[in-house]
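The structure appears below as structure tokens.
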Amino acid sequence: MLVLAIESSCDETSAAVVRDGRQILSNVIASQVDVHARYGGVVPELASRKHVEAISVVIEESLEKAGVTLDDIQGIVVTRGPGLVGALLVGLSVAKAMAFARGIPLVGVHHIEGHILSPLLEQDIAFPYLGLAVSGGHTHLYRIDGIGRYTILGRTLDDAAGEAFDKVAKLLGLGYPGGQVIDRLAAEGDPTAIDFPRPLLHQKNLDFSFSGIKTAVLNHVRGYTQPLNDEQLRHVAAGFQAAVVEVLTRKTLRAAAEHGLKRVVVAGGVACNRGLRQSLLSAGPEAGLEVFFPSPGLCGDNAAMLAVAGDAYLEQGRTAPLDLNAVASWSLDQAGWME
Ligand code: KG4
Ligand code: ZN
């Protein structure tokens, strides 16, 4: 089956054409990062407006790059939530209009469902597996028993990991979004120069907390009388990233052991982080686990990732009605077959 997937939940407008939920024929991503950077974060009204401007062009380009026309498309998959409601509505409205006009079946999927199944676009991974979703809005551990079968094992109690990267970058004056720049600086700094806290590391639960690390960075930086020089910035970045990575790594390994899972998938924007990739790709196999990351181009928001679940739901005839609405807040264990 050939599906057109559309993603507009935050600050990337994306459309993809995917065959059989596995083979990417095109995956066009128009980022709004430059628009929001000057405000230090995503401005929801601007995001909606930019999605409206970009969406038709992005969809046309995705069809063109795939060498297909709308006549070839057998299903439309769209992010239904969670995300910025105005942004989601742009993708959803276009998807519904196209589905109605062309009589193409429509299905709405969960954004994190897209992320956590995205490595299946590149390789076969047997279920069940442990999913660590690390993005700007999520830091969750899931048991993934199959497409549409998700159980939450742990979650952040405050900030998401990506949010912590963005907030720390902002307080260090490094701009928005912060993940990439901290990742780059951290590679040149000493991760042991500053010992930032590892919240909840020794507690038995599988939950996370990142706002304390962010506050510790803020307090540390306030201790300087002069603006930080490049070397100091590199050490702060390295120390912060080491704290986040250690907590994510240790809790992920613990979750896998406690739930008897042998495979781990890490996905979402923070899965691009080189420190996290190195840490889990070495500690995982040492603990007898197979660890999978999407390639960097598929870690951030993109439409192709939606097609894995979308294709499966369409195959099962689980299509959405044309009054399908966006949901700003939606727990993954309420998505999929359980809905
Ligand atoms: O999945 P994503 O593109 O959008 C959401 O669904 O939120 O994730 C975006 C988040 C941002 O917070 C960004 O700073 C973070 O992913 N990020 C990174 C890196 N690249 C992106 N965080 C750490 N290291 C990176 N290399
Ligand atoms: Zn995302």
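The values are calculated or read from the model by the stated rules, or taken from the named source; none is laboratory data. Predicted model, so just to flag it, every value in this text is computed and none were measured. Heads up, the Cβs are rebuilt from the backbone with ideal geometry, glycines too, and the neighbour counts pull from every protein chain shown. The protein model used for the area step is the full one, side chains on, heavy atoms only, and it has no ligands, DNA or RNA in it. Shrake-Rupley method; radii C 1.70, N 1.55, O 1.52, S 1.80 Å.
Take Gly239 and decide whether it is buried (at least 22 other Cβ atoms within 10 Å of the Cβ), more than 14 Å from ligand 1 (Cβ to nearest atom) and of a type outside the set (S, T, N, Q).
Yes: the conditions hold for Gly239.
Considering the conditions (1) polar (S, T, N, Q); (2) modelled with pLDDT under 95; (3) assigned to a helix (DSSP H, G or I), Gln226 is excluded by exactly one of them, (3). Scanning region 262-290 for residues that are surrounded by fewer than 23 Cβ atoms within 10 Å (Cβ to Cβ) and outside any helix (DSSP H, G or I) returns Lys262, Arg263, Ala287, Gly288, Leu289, Glu290.
Which residues, counting only those in region 256-296, are free of Cβ contacts under 8 Å to residues at least 24 places away in the same chain and more than 13 Å from ligand 1 (Cβ to nearest atom)?
Result: Gly260, Leu281, Ser282, Pro285, Glu286.
The residue that is nearest to ligand 2 (Cβ to nearest atom), counting only those in region 245-261 that are touching a Phe, Trp or Tyr at 6+ places or on another chain (Cβ under 8 Å) and in a helix (DSSP H, G or I), is Leu248. Applying the condition of being closer than 17 Å to Leu332 by Cβ and of a type in the set (Lys, Arg) to region 147-180 and asking which residue is least open to solvent (accessible area, probe 1.4 Å) yields Arg155. Quick check on my filter: what residues within region 196-223 are open to solvent by 50 Å² or more (accessible area, probe 1.4 Å), closer than 18 Å to Glu246 by Cβ and either β-branched (Val, Ile, Thr) or assigned to a loop (DSSP other than H, G, I, E, B) (or both)? Matches in region 196-223: Pro197, Arg198, His202, Gln203, Lys204, Asn205, Thr215.
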